[in-house]
Amino acid sequence: MQALELLTTRSSMPRLAEPGPSAAQFTIMQQAASRAPDHKALMPYRFIVYQGQKRKSLGELFQQAAAARGLDDKAQAKAAEVPLRAPMVIAVIMDYQPHEKVPRDEQFAAAACATLLLQQAAFAQGLGAIWRTGWFAEDEVVKAGLNCKPEDAIVAFLYVGTPVVPTPIKPMKAISTKFEE
């Protein structure tokens, strides 16, 4: 896939199946993520990779969070199944690094850029991916289970695998731009 095509046709692929990324493909994804803008080279993010049976541990954490919210048994069971939607789920954590010249928002942006680069590298290798957040990303039980400090944030749960169906490319969005000369 050509770079401009990749950038101008990006679209999430919510229906994913085996196989997930190979070790070599995942290495390339990490290499791409390491190129994210990163003021002062703090690398204010970390990845937790769930694949195979390990996805069930993430599902158990989601189920605990659902129980803590008082959700019914059906919703709790559904929460446990969420990480099984793809062969690999990558939790991207903004791992805040106190620094006088790099505010928290900039560090969050770096982690978000790293997530996008993970996703784009997956697409470039013929894989599919979808960036999910939802209430799981804001939940204190989930944050604690992922060893987040209070100032950290869950940026994404990036689901990666093989696309089940061709994903239609969304229409281009109009961007408001004003050129000053």
Of everything in segment 132-151, what is hydrophobic (A, V, I, L, M, F, W, C) and under 17 Å from the mean Cα position of the chain (by Cα)? Give them in sequence order.
Trp135, Phe136, Ala137, Val142, Leu146, Cys148
Pairs with Cβ under 9 Å, 6+ apart, first in segment 23-36 and closer than 8 Å to Leu118 by Cα and in contact (Cβ under 8 Å) with a residue 24 or more places away in the chain, second open to solvent by 30 Å² or more (accessible area, probe 1.4 Å) and in a helix (DSSP H, G or I)
Met29/Leu117; Ala32/Leu117; Ala32/Ala124; Ala33/Cys113; Ala33/Leu116; Ala33/Leu117
Name the pairs whose Cβ atoms lie under 7 Å apart, with the first residue in segment 91-113 and farther than 11 Å from Ala153 by Cα and modelled with pLDDT under 95, the second of a type outside the set (D, E, K, R) and open to solvent by less than 70 Å² (accessible area, probe 1.4 Å), and 6 or more positions between them or separate chains?
Gln97/Leu42; Gln97/Pro44; Gln97/Gln107; His99/Leu42; Val102/Leu42
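Residue by residue, here is whether (1) touching a strand residue (DSSP E or B) at 6+ places or on another chain (Cβ under 8 Å); (2) buried (at least 19 other Cβ atoms within 10 Å of the Cβ); (3) in a loop (DSSP other than H, G, I, E, B); (4) at pLDDT 95 or above holds:
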position: Phe136; (1), (2), (3), (4): yes, yes, no, yes
position: Val141; (1), (2), (3), (4): no, no, no, yes
position: Lys149; (1), (2), (3), (4): no, no, yes, yes
position: Ala156; (1), (2), (3), (4): yes, yes, no, yes
position: Tyr159; (1), (2), (3), (4): yes, yes, no, yes
position: Pro166; (1), (2), (3), (4): no, no, yes, no
position: Ala174; (1), (2), (3), (4): no, no, yes, no
position: Thr177; (1), (2), (3), (4): no, no, yes, no
Which of the residues that make up segment 49-61 are out of contact with any Phe, Trp or Tyr (no Cβ under 6 Å at 6 or more places or on another chain) and either assigned to a helix (DSSP H, G or I) or surrounded by 15 or more Cβ atoms within 10 Å (Cβ to Cβ) (or both)?
Val49, Tyr50, Gln51, Lys54, Arg55, Lys56, Ser57, Gly59, Glu60, Leu61
So, in segment 19-38, how many residues would count as being under 18 Å from Ile93 (Cβ atoms), of a type outside the set (A, V, I, L, M, F, W, C) and surrounded by 14 or more Cβ atoms within 10 Å (Cβ to Cβ)?
2
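The values are calculated or read from the model by the stated rules, or taken from the named source; none is laboratory data. Being a predicted model, the structure only gives us computed values, none of them experimental. All Cβ positions, even for glycine, are placed from backbone atoms using ideal geometry, and neighbour counts span all protein chains on display. When the accessible area is computed, the model is the full protein with side chains, heavy atoms only, and any ligands, DNA or RNA have been set aside. Shrake-Rupley method; radii C 1.70, N 1.55, O 1.52, S 1.80 Å.
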